[in-house]
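What follows is a single structure, written as structure tokens, with notes after it.
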Amino acid sequence: MFSKVLSLVPAPLRTLVFRHRELLKFLVVGATCFLVTTGVNYGLKFTVLTGKPVTALVIATIVATIVSYVLNREWSFNTRGGRERHHEAALFFLISAVGIGLNSLPLVVSRYVFGLRVPEVGLLVQEAADFLSGMVLGTLVAMVFRWWAFRRWVFPQRDGSANRPARRRVRGRARSRSHLDRAA
């Protein structure tokens, strides 16, 4: 499927897209999980958890994390691995737990440090602040952390080279790709 979509991209941009395909897949999974988080969060927040916005966001993020594991494992990072599945899952959920904390922190600060909640502010201001702090800022902070941590610990390169630049044979000697990119 990715190849079909890639064939629609203009040639100059195709190289850039192909080079960063893993990141693009991760972002698609992230966008999907953002929609899951938003739907579950507001579904809970406006029904059974009306007075508990942080709890609603944490539950929504946990649901989205489970979806994220399946999609990242089977699609975004399907060329990586090298760990046993139970070890990989444990690391994924441990890192995701840290991500949930990072995701919730801006909402906690907005609500309980800055006091952006009813009755101190109007309902519209409260909900806008909740969305911007919890759903936008929190998601961005957690996403950057997860991208880095997943590539480093959960889905490393199969040969254990997650922290080294990929190497390519050039005229009989190995050179790092980053060296070739600088020379170009």
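Condition check for K45 on (1) open to solvent by 30 Å² or more (accessible area, probe 1.4 Å); (2) closer than 30 Å to L124 by Cβ; (3) touching a helix residue (DSSP H, G or I) at 6+ places or on another chain (Cβ under 7 Å): one failure, at (1).
Within the set V144, V118, V98, the sole residue that is over 22 Å from the mean Cα position of the chain (by Cα), β-branched (V, I, T), open to solvent by 70 Å² or more (accessible area, probe 1.4 Å) and at negative phi turns out to be V118.
For the range 49-70, give me the residue count where each residue is free of Cβ contacts under 8 Å to residues at least 12 places away in the same chain and either in contact with a Leu (Cβ under 6 Å, 6 or more places away or on another chain) or open to solvent by 60 Å² or more (accessible area, probe 1.4 Å) (or both).
First, pick out the residues of the range 49-70 that are free of Cβ contacts under 8 Å to residues at least 12 places away in the same chain: 49-52, 55, 66, 70.
Subsequent filtering for residues that are either in contact with a Leu (Cβ under 6 Å, 6 or more places away or on another chain) or open to solvent by 60 Å² or more (accessible area, probe 1.4 Å) (or both) retains 50-52, 55, 66, 70.
Residues meeting the conditions: 6.
Only a single criterion out of (1) open to solvent by 50 Å² or more (accessible area, probe 1.4 Å); (2) within 22 Å of V29 (Cβ to Cβ); (3) free of Cβ contacts under 8 Å to residues at least 24 places away in the same chain; (4) in a helix (DSSP H, G or I) is not satisfied by N78, namely (4).
Confirm whether S133 is touching an Asp or Glu at 6+ places or on another chain (Cβ under 9 Å), of a type in the set (S, T, N, Q) and at pLDDT 90 or above. It would help to see each step written out before you state the result.
Details: touching an Asp or Glu at 6+ places or on another chain (Cβ under 9 Å): no; of a type in the set (S, T, N, Q): yes; at pLDDT 90 or above: yes.
Against the criterion (touching an Asp or Glu at 6+ places or on another chain (Cβ under 9 Å), of a type in the set (S, T, N, Q) and at pLDDT 90 or above), S133 does not qualify.
The values are calculated or read from the model by the stated rules, or taken from the named source; none is laboratory data. Just so we're clear, the structure is a prediction, and the values are computed from it rather than from any experiment. So basically every Cβ, Gly included, is an ideal-geometry build from the backbone, and we count neighbours across all protein chains shown. Calculation scope for accessible area: heavy atoms of the full protein, side chains included, ligands and nucleic acids excluded. Shrake-Rupley method; radii C 1.70, N 1.55, O 1.52, S 1.80 Å.
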